[in-house]
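The values are calculated or read from the model by the stated rules, or taken from the named source; none is laboratory data. Keep in mind that what you see is a predicted model, and the values were worked out from it rather than measured. Cβ placement follows ideal geometry from the backbone for every residue including glycine, while neighbour counts extend to all protein chains displayed.
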């Protein structure tokens, strides 16, 4: 059983005794490496959508003024400010977090804009799924089950971590979760090839 798992269970008052003849795990302290977590940039607008766009390798602009309607000869122009604006696969896309009116959203769609409205959405998991869907990225939102050691399940410990997994532009595995994850489990997930994105930081 990996040292990080033994250390975590020890905190819970559980002592792990491996079967005789199995490889002895590394020292617990040495096994808890520096954890790889994805942190948000401070003092930026729309941090969660902006971070997911960056992870997807999608260039974008913030608070962009977009002319939607220009009246001929009347001098009447309608310009809206898009929270996040980008072009993806030849389509102009807007992510709205502040709450454009239904009429404006309808007008934008009439002019062939793709619009994702996140106004009023408080669930960070749901927000993440909506953005990944909007970007056309595949993800898995089912609970993730990990066997902690390289042996059969009947002699193993299964770790279940809730979250949303997907790949960034470089092919790295990301696990986004709104749960607080102990440092030992973060280290274990790193060993499994995952970088952790703690969604709770967007509530701070």
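All of (1) touching a helix residue (DSSP H, G or I) at 6+ places or on another chain (Cβ under 8 Å); (2) closer than 30 Å to residue 173 by Cβ; (3) assigned to a strand (DSSP E or B) hold for residue 80 with one exception: (2).
When you go through 149, 103 one by one, which is the residue that is over 16 Å from residue 93 (Cα atoms) and free of Cβ contacts under 8 Å to residues at least 24 places away in the same chain? Selected residue: 103, the only one of 149, 103 that is over 16 Å from residue 93 (Cα atoms) and free of Cβ contacts under 8 Å to residues at least 24 places away in the same chain. Based on this model, can you work out whether residue 196 counts as part of a strand (DSSP E or B), modelled with pLDDT of 90 or more and buried (at least 18 other Cβ atoms within 10 Å of the Cβ)? Yes: the conditions hold for residue 196. Does residue 137 qualify as being part of a strand (DSSP E or B) and either more than 18 Å from residue 40 (Cα to Cα) or touching a residue at least 40 places away in the same chain (Cβ under 8 Å) (or both)? For residue 137, the condition - part of a strand (DSSP E or B) and either more than 18 Å from residue 40 (Cα to Cα) or touching a residue at least 40 places away in the same chain (Cβ under 8 Å) (or both) - is not met.
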